[in-house]
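**Q** My structure is below; once you've seen it, I'll send some questions.
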Amino acid sequence: VQLQACGGGLVQAGGSLSVSCAASGRTLNSYSMAWFRQAPGKEREFAAGIRSYGSTFYADSVKGRFTISRDNAKNTVFLQMNSLKPEDTAVYYCAAGALKGYDGLVYAKKYTYWGQGTQVTVSS
């Protein structure tokens, strides 16, 4: 399975950006998918996740500004980022995993497949 993330770039604070992640190699319709991010000098952190049936969960830092969605027909997950802040600057990674219903979406170790990351830079 390969996850290909794209759509990152440079945007001014307050702007919007959308990133996507397309899976190939197998259908991930039954998998939970998520976006993690890693800023320079910091550990990778959870940003947003979506279960196979569409339930979503967000980190407090992005809640109300980011929206995660998925298109199972296209085997793709999206992250719409609005009202971006300089502290949102990071490499954004998509991930997929066969999480159980009781598994929290926020734990990176629960995800089996990872994309290569896409850079998002927010200027002040």
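The values are calculated or read from the model by the stated rules, or taken from the named source; none is laboratory data. Since the structure is predicted, the reported quantities are computational estimates derived from the model, not experimental observations. Every residue, glycine among them, receives a Cβ derived from its backbone with ideal geometry; neighbour counts consider all protein chains shown. Protein only, heavy atoms only, side chains kept; ligands, DNA and RNA dropped before computing areas. Shrake-Rupley method; radii C 1.70, N 1.55, O 1.52, S 1.80 Å.
**Q** Sort through Pro86, Pro40 and tell me the only one that's open to solvent by 10 Å² or more (accessible area, probe 1.4 Å), at pLDDT below 95, closer than 23 Å to Cys6 by Cβ and not acidic (Asp, Glu).
**A** Sole residue among the options that is open to solvent by 10 Å² or more (accessible area, probe 1.4 Å), at pLDDT below 95, closer than 23 Å to Cys6 by Cβ and not acidic (Asp, Glu): Pro40.
**Q** Provide a single number: the residues in the range 53-82 that are open to solvent by less than 40 Å² (accessible area, probe 1.4 Å) and more than 20 Å from Ala23 (Cα to Cα).
**A** 6
**Q** Which condition does Ser83 not pass, out of (1) of a type in the set (S, T, N, Q); (2) outside any strand (DSSP E or B); (3) under 14 Å from the mean Cα position of the chain (by Cα), if it passes all the others?
**A** (3)
Residues checked against (1) under 14 Å from the mean Cα position of the chain (by Cα); (2) open to solvent by 50 Å² or more (accessible area, probe 1.4 Å):
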| position | (1), (2) |
| --- | --- |
| Ser16 | no, yes |
| Ser20 | yes, no |
| Met33 | yes, no |
| Arg44 | yes, yes |
| Arg51 | yes, no |
| Lys110 | no, yes |
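**Q** Here's another thing I want to ask about it. State all residues of the range 92-109 that are farther than 16 Å from Ala59 by Cα and either touching a residue at least 60 places away in the same chain (Cβ under 8 Å) or not basic (Lys, Arg) (or both); if no residue qualifies, say none.
**A** Residues satisfying the conditions are Ala96, Gly97, Ala98, Leu99, Gly101, Tyr102.
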